[in-house]
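Reviewing the structure listed below.
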């Protein structure tokens, strides 16, 4: 790990360079990037920005527990701007890490001109742990299956992800149209992955209704000792 960022003291370059990301945490970062995690980069180094609706506060604090050594302060609650469709104001909870060299490789992998892209080697990067966190971060129960909310990705990228989900986890998936030129990956229930979750994997709160799906699709070991399910976000 190296130095601890959780302080108001400005880090020296030597301290910044001492930070690293463990293999287990890298699995989680990859999954979260496929979900809602945003990586910003100004000047030399990148930082991770986490945000969810207030109903998912426990989930954000779970993520903070994982990344607190890289962060300055605990999650903070604030109001978003009015939703452009409903004009409603939603409350959010968010935190961010320090800008650190150890996060640069993720920005380089997933961003082109500040737009999130799926790297061609995603099949080498996505593990069972990463898949679990991707689904927990930006998934929702859909009928007898499960949606991964992949609206922002191109059709070509989605077909690559579907191929990886089949090859890595033996999950049968197809695309559901969400809006014009926007698609969500639909994971069919009853298509359990060949690789179960890592032993002792700790799962954060899932969106409401997802627990039954993941018990069937990712194995009961995933939810062992896990916090309660996340509630469905209101947006």
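The values are calculated or read from the model by the stated rules, or taken from the named source; none is laboratory data. What you see is a predicted model; the values in this text were computed from it and never measured. As a convention, Cβ positions derive from the backbone with ideal geometry for all residues, glycine included, and neighbour counts pool all protein chains shown.
Limited to segment 10-25, what total is found for residues that are part of a helix (DSSP H, G or I) and more than 29 Å from residue 127 (Cβ to Cβ)?
Taking segment 10-25 as the starting set, the residues that turn out to be part of a helix (DSSP H, G or I) are 13-17, 23-25.
Within this subset, residues satisfying the condition of being more than 29 Å from residue 127 (Cβ to Cβ) are 13-15.
Within segment 10-25, residues that are part of a helix (DSSP H, G or I) and more than 29 Å from residue 127 (Cβ to Cβ) number 3.
Among the residues of segment 54-72, which ones are more than 14 Å from the chain's Cα centre (by Cα) and touching a residue at least 40 places away in the same chain (Cβ under 8 Å)?
55, 58, 68, 69, 70, 71, 72
Taking segment 137-156 as the search range and keeping residues that are under 17 Å from the mean Cα position of the chain (by Cα) and in a helix (DSSP H, G or I), which one is modelled with the lowest pLDDT?
Start the filter on segment 137-156 by keeping residues that are under 17 Å from the mean Cα position of the chain (by Cα), which leaves 137-141, 146-153.
Next cut, in a helix (DSSP H, G or I) only: 137-138.
Values: 137: 92, 138: 89.
Ranking the candidates gives 138 first.
Give me the residue from segment 168-192 that is in a loop (DSSP other than H, G, I, E, B) and at pLDDT 80 or above and, out of that set, surrounded by the most Cβ atoms within 10 Å (Cβ to Cβ). Steps first, please.
So in segment 168-192, the residues in a loop (DSSP other than H, G, I, E, B) come out as 170-172, 180-181, 188-192.
After this cut, where a residue has to be at pLDDT 80 or above as well, the list is 170-172, 180-181, 188.
Values: 170: 12, 171: 21, 172: 15, 180: 5, 181: 9, 188: 14.
For segment 168-192, the residue satisfying everything is 171.
Output the strands (runs of 3 or more DSSP E) that fall wholly within segment 43-136 and possess 3 or more residues being exposed (fewer than 14 other Cβ atoms within 10 Å of the Cβ) and modelled with pLDDT under 95, or say none.
Values: elements: 45-53, 76-79, 91-96.
Ranges flagged: 76-79.
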